[in-house]
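Let me begin by presenting the structure, written as structure tokens, before commenting on it.
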Amino acid sequence: MSGQYDDSLATSLSLLQRVRTNDSLAWDRFAKLYSPLLHRWAIRFGLQDSDASDIAQDVLLSITTKIDRFDRSNSGQSLRAWMRTIVRNKCLDFARAKQRHAVVAGGADAQRMMSEVQALELVDLDCELEEAADESQVVLAAVEMLKNDFEDHTWQAFYQTAIAGRKASDVAADLGISVGSVYTAKSRVLSRLRTEFEGLL
């Protein structure tokens with residue numbers, strides 16, 4: 001993985017494209033963006049916090065070797081849906097390994113583990129309410145990642161209107177800039193978000 005962050009690449013390639021070129025800074029950003037979500041999905045599968053953290057790391061490692069195979073146009077699947085499938089499979093593998101260990105030990109633990117694996121197979125991570133919460137989490141993480149790339153007044157104009165939902169005129173008055181400048185700032189940050197996180201949000 002390369003260690004240099006190339007600004008020319010940053011402006012012309014999305015984060016997903018840079019991840020595919022093994023750009024180490026892009027991978028860091030990708031991991032920061034998605035690790036909390038991967039962890040959250042593993043928790044939803046019923047894993048303990050430490051096990052969920054291990055699964056999230058394992059999924060990220062798996063993604064590094066499989067990201068070139070992800071093609072939304074061929075699969076019709078979003079990146080998050082593709083990653084959810086990987087999380088699901090890793091969680092099931094983890095539960096089955098625990099089940100095998102329990103079967104060797106025998107007793108009530110073996111029966112309990114068999115029931116847990118069967119229950120895991122029925123977990124649905126595609127619930128619409130959960131999808132909306134997942135998307136909000138990723139969008140807010142993406143927004144936060146770009147904060148230091150903009151001057152404070154530009155960032156505040158964007159954040160206060162796009163995220164906090166305040167009127168442009170109120171934000172303009174607070175920041176001592178014109179309403180047009182607020183809209184321009186908001187547009188600049190949104191444009192950067194779309195470019196940087198194309199295919200991810």
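Counting beta carbons within 10 Å around each of Ser53, Ser178 and listing the fewest first gives the order Ser178, Ser53. Straight-line cross-link partners of Lys167 among the lysines, defined as a Cα under 25 Å from its Cα and at least 8 positions apart when in the same chain: Lys147, Lys186.
The modelled label-to-label distance between Ser136 and Ser178, using points 7 Å beyond Cα along the C-beta direction, is 3.6 nm. Straight Cα distances below 20 angstrom link Lys66 to the lysines Lys32, Lys90, with same-chain residues fewer than 8 positions distant left out.
Relative to the present Cα-Cα distance, how much length would full extension add between Thr21 and Arg192 at 0.36 nm per residue of separation? Write out the running numbers ahead of the final one.
Values: separation 171, 0.36 × 171 = 61.56 nm, distance 1.99 nm.
Gain on extension, Thr21 to Arg192, equals 59.6 nm.
Each value in this text was obtained by applying a stated rule to the coordinates, not by laboratory testing. As the structure is a computational prediction, the values presented were derived from the model and not from experiment. Please note: Cβ atoms are built from the backbone with ideal geometry, for glycine as well, and neighbour counts cover all protein chains shown.
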